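The values are calculated or read from the model by the stated rules, or taken from the named source; none is laboratory data. All of these numbers come straight from a predicted model, not from anything done at the bench. Note that we place each Cβ from the backbone using ideal geometry, even for glycine, and neighbour counts take in every protein chain shown. Keep in mind that these areas ignore ligands, DNA and RNA; they rest on the heavy atoms of the full protein, side chains included. Shrake-Rupley method; radii C 1.70, N 1.55, O 1.52, S 1.80 Å.
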Amino acid sequence: MSEMNENIEMIEISKVESEYGADEIQVLEGLEAVRKRPGMYIGSTGPRGLHHLVYEIVDNAIDEALAGFCDKIDVSILPGNIIRVFDNGRGIPVGINQKMGIPAVTVVFTVLHAGGKFGGGGYKVSGGLHGVGASVVNALSEWLEVRVYDGEFEYFQRYERGDIATDLQKIGPTTKKGTEVLFKADTQIFKETDEYDFNTLKVRLREQAFLNAGIHIELRDERDAENLIQKNFLYEGGIRSFVEYIHQKRQISVVNPEVIYFASANEDDSAAVEIAMQYNESYNELLLSFANNIHTTDGGTHEEGFKRALTRVMNDYARKFGKLKDSDKNLSGEDVREGLTAIISVKLKEAQFEGQTKAKLGNTEIRTMVDKLISDKLAVYLEENPQIAKAIFDKTLAAARAREAARKARESVRRKSALESAQLPGKLADCQSRDPAETEIYIVEGDSAGGSAKGGRDRKFQAILPLWGKMLNVEKSRIDKVYGNDKLMPVVTALGTGLGDEFDLTKLRYGRVIIMADADVDGSHIRTLLLTFFFRFMKPLVEEGHIYIAQPPLYRITKNKEHKYAYSDEERDIILGGIEGKTEIQRYKGLGEMDSEQLWETTMNPESRTMLRVEMEDAEEADRVFTILMGDKVEPRREFIEQNAKYVQNLDV
Ligand code: TTJ
């Protein structure tokens, strides 16, 4: 202990104090901008922005791992929602940065847009380029502490709301190596919440571990001392493991047993491409693309190159080996991607992100590079593995035939509806207004509930469509089945948008589409069916927040002919606790038990009702959820129900 104390010395910065003071003013101005307009730097000050802080810091540690100097990253949520990130790399340099005249580590945390690239090293390709940097996190933290261990000494500095609170201190000798950052998000900025969601961090860090093969990321939730949670992610297989994981998680059988994997780098190592792909028995395509470890949700040149080359290689092969006859049409892009899960990960020096959300890759050289990789390698792979090629082509050719059948079905429906002059379904009780800004349609299961809804609605803006007919499990169906389905077609006609490739949101006849079903197993089934259907074939409806779930009450509590309604067991108990004397409790088993007036009052009147808006935080996650919901396995369905609250957010409309 005493030995340690002798070694503690303050870093001498008095010499540069005056210069430093001048720099400081500049620095403060820089970070003030972040605090003034946090949204510009982290997107939002809601939960998303809050979690972004963690990603931003972790990105720096991943950079160090990509540079080859670190193989373990620890991320912990500590009590009080303090985040700790540690990497066992070289440690952020503590020497005086020539340009700024202050320690490099201080520059990293106090100068806007300073990356982690100081002095030698220089990464070939680096992630984190999208990052807005550690200084932004610092600016938006009530406090942030950094500890650097360079194998000889430990250093420490603390900041408060971006300001230097303690100058860089040399704490004492150490044999440890690495960088540790602790920070507490500032509740003056994150007014909505400062609480981290373990699952959100888990999903993101797992993804990063898949994208960076061999990096060990450990996530711990230490907020509840009695219930410590820990997850470890380390995938030697990288994105191959990612594809395997997706199929395992969704419990879909695969067509080619081994994930197909190709990789290449260009000559000067300024760009690298990796692709992992595997076909499965479903009809869904899942293409995930990343540039510098950033999920490019809007695709871009890497996806374009992949799709173009895949379609070409598959057609060339099909022609060469007689899978297609001369008279057959070419396979379409959709055909060759049906049931395909593919991950494309590119890393490049100067990634250009385009579009409104900056989630689309723009570098044109990447299109060529990905195209070439697939052209070179996939053709060879298929020729060398004829068994696998056969399994894949059986599937692809079936997809092509089904698409042709769907086209015919669609045309026949069109012809019919042209004859019937696009008649609305007979059972639809339409509303008077034609303005989607105010109209809503209730899709109601069951004829008696439909009757009550028709009687109780405000016909000016509320339309009612009772559902009847046979259930179709859309998860297991292609679009051609939908055209012939007597339960779903009235929904399609009533909404007016068309579906699939032809979906047109501007034709939507009602601004709110409200699913109203019983709070029992059958009701839950119809809700799931409709949600899956909307997700699969009318995705923008979900994305743009047009889908709602009505919330009918579970109980009616009566005292002296006065009624109160409870929408949960909890609410029932609260109401009962506040009433003295004799009460009568009715448990509603179905919507049909309510008369028109009750249904209006409890569930349909915008003044008094509560509805859930279906949110699609993340299409990919939602897709997974829907797949699991409609699968046959019981376990993942239970898991979904436990997490359900995440996707459906409470909303008073
Ligand atoms: C830069 O080049 C010289 C050796 O150190 C390199 C560096 O900056 N490494 C580094 C930074 N490792 N870890 C970080 C880092 C880790 C965390 C958790 C947070 C931040 C901002 C940086």
- Query: Any residue in the range 323-334 that is assigned to a loop (DSSP other than H, G, I, E, B) and under 19 Å from ASN385 (Cα atoms)?
  - Reply: yes
- So THR296 fits all but one of (1) within 25 Å of the chain's Cα centre (by Cα); (2) over 20 Å from MET369 (Cα atoms); (3) surrounded by 19 or more Cβ atoms within 10 Å (Cβ to Cβ); what number is the exception? (2)
- Query: Hey, which of the helices (runs of 4 or more DSSP H) in the range 517-585, taking only ones fully inside, have at least 3 residues that are surrounded by fewer than 15 Cβ atoms within 10 Å (Cβ to Cβ)?
  - Reply: 521-537, 569-577
- Query: Restricting attention to the range 252-259, does a residue exist that is part of a strand (DSSP E or B) and more than 30 Å from TYR196 (Cα to Cα)?
  - Reply: yes
- Scanning the range 239-261 for residues that are surrounded by 20 or more Cβ atoms within 10 Å (Cβ to Cβ) and without any contact (Cβ under 8 Å) to a residue 24 or more places away in the chain gives VAL259
- Please tell me if ILE441 is modelled with pLDDT of 85 or more, buried (at least 19 other Cβ atoms within 10 Å of the Cβ) and touching a helix residue (DSSP H, G or I) at 6+ places or on another chain (Cβ under 7 Å). yes
- Task: Look at the range 494-516 and say how many of its residues are among the hydroxyl-bearing types (Ser, Thr, Tyr) and either outside any helix (DSSP H, G or I) or surrounded by 20 or more Cβ atoms within 10 Å (Cβ to Cβ) (or both).
- Result: 2
- Query: Here are some residues: ILE82, ILE92. Which one is surrounded by fewer than 24 Cβ atoms within 10 Å (Cβ to Cβ) and at pLDDT 95 or above?
  - Reply: ILE82
- Taking VAL34 as meeting all but one of (1) more than 10 Å from the ligand (Cβ to nearest atom); (2) over 19 Å from ARG161 (Cα atoms), write down the number of the exception. (2)
- Query: If you go through the range 209-222 one residue at a time, do you hit one that is assigned to a helix (DSSP H, G or I) and open to solvent by 30 Å² or more (accessible area, probe 1.4 Å)?
  - Reply: no
- Limited to the range 51-90, what total is found for residues that are within 11 Å of the ligand (Cβ to nearest atom) and in contact with a Lys or Arg (Cβ under 6 Å, 6 or more places away or on another chain)? 2
- Message: Just to be sure I understand the filter: pairs with C-beta atoms under 8 Å, separated by 6 or more residues or on different chains, first member in the range 43-63 and of a type in the set (S, T, N, Q), second member more than 8 Å from the ligand (Cβ to nearest atom) and at pLDDT 95 or above. Which pairs pass?
- Response: THR45/ILE189; THR45/PHE190; THR45/LYS191
- Give LYS202, LYS191, LYS184 a once-over and let me know the one that is on the phi < 0 side of the Ramachandran plot, assigned by TED's automatic domain parsing to the domain that holds GLU154 and assigned to a strand (DSSP E or B). LYS184
